[in-house]
Amino acid sequence: MTSTGSRTAGRSPEPSESPEDRPDRAHRRPPGVTDATVEAVGKVSEALEATERARGHLYSFHQMTGRADLLLGEAVDLLRAAGHEEEADLLETEVLGRNVIPGHWTFQIVEGYDDHYYRPFLAAEERVRRLVGGLRHLYEAEMKEARRTRGHPAHTARPDTPRP
């Protein structure tokens, strides 16, 4: 954990700090969990977040490729209607409905990614989080505590913290 002066992560509340101005239980380090463990579990969660982004891009690829194929189908119809049979036949035969990689349409790539990589990673990350009591975003919660200015209305510990 990085510390900034007296704002260290995982610290006890200051005597003047009200109980309402502390993180909720879902964002407080369980007893006995070390800084090294919080950092390591946080890095696993960060890697999962990067995977979530990659998965989103994969779904975008899937949808955009499908949309392109539908548009191409419309273009084939328009070429035929305009009397360009040879060009329409070329696009229909060589590109329309073609596999994007051998044997695969994009939905098969998405399904393979989800089944072979994403779901096992999701399950493994959840299991690793047991090291910190199953808490999500504990590293970030401690970073927030270390960086926020106590008593400032825009730096409250949680959404339901009464504003001073």
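What follows is calculated from the coordinates using simple rules that are stated; it is not laboratory data. Everything numeric here is computed off the predicted structure, so don't read it as measured data. So basically every Cβ, Gly included, is an ideal-geometry build from the backbone, and we count neighbours across all protein chains shown.
Using Cβ point charges alone (K and R +1, D and E -1), the dipole size of the chain about the Cα centre works out to roughly 1600 debye. Relative to the dominant Cα principal axis of the chain, helix 35-81 is inclined by about 20°.
Taking 0.36 nm per residue of sequence separation and removing the Cα-Cα distance, the D89/R130 pair yields an extension gain of 9.0 nm. Take each peptide in 95-101, 144-150, count the other Cβ atoms within 10 Å of every residue, and average; sorted highest first, the result is 144-150, 95-101. GNM on the chain, alpha-carbon springs under 10 angstrom: the most fluctuating residue among P23, P31, P102 is P102.
Once Rg and Dmax of the Cα atoms in Å is calculated for the structure shown, the corresponding label among (1) 15.2, 50; (2) 22.0, 68; (3) 25.9, 83 turns out to be (3). With contacts taken as Cα pairs under 8 Å at a separation of at least 6 residues, the chain carries a relative contact order of 44 percent. Label point of R25 set 7 angstrom out along Cα-Cβ; within region 132-164, amide nitrogens under 18 Å from it belong to 132-138, 158-161. Estimated purely from DSSP H runs of n ≥ 4, each contributing -39500 (n - 2.57), the mean residue ellipticity at 222 nm for the chain is -17500 deg cm²/dmol once divided by its residues.
Axis of helix 138-147 versus longest Cα principal axis of the chain: the two differ by about 60°, to the nearest ten degrees.
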